[in-house]
Amino acid sequence: MSRLLSTEFFKLRGKFIAVFIVMIIFAVVGVLCSMSIEGTFYLGLNAYATVFGSIFCGMAGVSISQDFANNTIRNKLIMGHTRFNIYLSYQIAFAVLTFLMTAVFIGAYILSGKIFSDMESFQADQPAPDMLKFYRDNFFKTLPVYLVAVPALTTLGVFTSMTLKNSLGGVLTMILLFALFFWSTMGEIFIFSGNKFLIFVNTILPSSQIYLMQIFSEESDFSPVKYILLSTAFAVVLITLGYAIFRKADLK
């Protein structure tokens, strides 16, 4: 397992260095946009986190599909690695790196927000003190959810690519991501419609959790633990189901 993990981390290092730089740039831009439009940099993180969660999920799907296309996975089996270790190594590698990149983005977002909010040229009209406290408290409550929900979203990319076993896995991952992103953007309408089933689906899906967290966090009984457990359950179910299918797959 350790050899498989080290191979995956080494292979992905170039891609994630590029993403690392992009995330810092987006953090700064996101803060400036939030301050100029909303009046406080505590708003707006959820939209950027949804985009990056989709990017990481897509990277997982495309990268693994390429490994099927060039027989990398088949060669790993020939070398004696188990299917369980192969599946889990992909999932762990993408989940860990996604967690780290999400933490980097959140850290850069907070740091740049504090820097620019102290500069007179970037100051915008701030909400009333009690409203600002509400935004701030909710903001910090949601951070643990992002740190779990964004990596949990990568399980979809790994699941799709590992079960299709060809280049179509990457394509289908991107199609699913567009569908989930569209669903998430419609989530606010679904919530206000009062439809319990639609609200339930949006509560379970990590992509909807991330995008709608600003709304969810305004619940009177909001608890980050609830959403963390739901994202974890989503990931466990997909990993278990994905491995069960991959274990029986015929790799030609």
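The values are calculated or read from the model by the stated rules, or taken from the named source; none is laboratory data. Predicted, not measured: the structure shown is a model, and the values here were computed from it. Heads up, the Cβs are rebuilt from the backbone with ideal geometry, glycines too, and the neighbour counts pull from every protein chain shown.
Points worth noting:
- Complete set of residues in the stretch 147-184 that are outside any helix (DSSP H, G or I) and within 13 Å of I239 (Cβ to Cβ): none
- Subset of the stretch 195-243 that is among the small types (G, A, S) and more than 25 Å from A179 (Cα to Cα) - its residue that is surrounded by the most Cβ atoms within 10 Å (Cβ to Cβ): S223
- Condition met for F139 (of a type outside the set (D, E, K, R), under 25 Å from Q214 (Cβ atoms) and free of Cβ contacts under 8 Å to residues at least 12 places away in the same chain): no
- Residue within the stretch 204-226 that is of a type outside the set (D, E), in a helix (DSSP H, G or I) and without any contact (Cβ under 8 Å) to a residue 12 or more places away in the chain present: yes
- Complete set of residues in the stretch 79-111 that are surrounded by fewer than 20 Cβ atoms within 10 Å (Cβ to Cβ) and among the polar types (S, T, N, Q): T82, N85
- Cross-chain or 6+ apart pairs with Cβ under 9 Å, the stretch 59-85 first and free of Cβ contacts under 8 Å to residues at least 60 places away in the same chain and more than 16 Å from T154 (Cβ to Cβ), then part of a helix (DSSP H, G or I) and not hydrophobic (A, V, I, L, M, F, W, C): T72/Q66
- Scanning the stretch 136-162 for residues that are in contact with a Pro (Cβ under 6 Å, 6 or more places away or on another chain) and either at pLDDT 90 or above or closer than 27 Å to M174 by Cβ (or both) yields P144, V145, A149, A152, L153.
- In the stretch 168-183, the residues that are within 15 Å of G53 (Cα to Cα) and either among the polar types (S, T, N, Q) or more than 17 Å from the chain's Cα centre (by Cα) (or both): T173
- Hits in the stretch 1-26 (condition: exposed (fewer than 15 other Cβ atoms within 10 Å of the Cβ), farther than 13 Å from M59 by Cα and aliphatic (A, V, I, L, M)): M1, I17, I21, V22, I25
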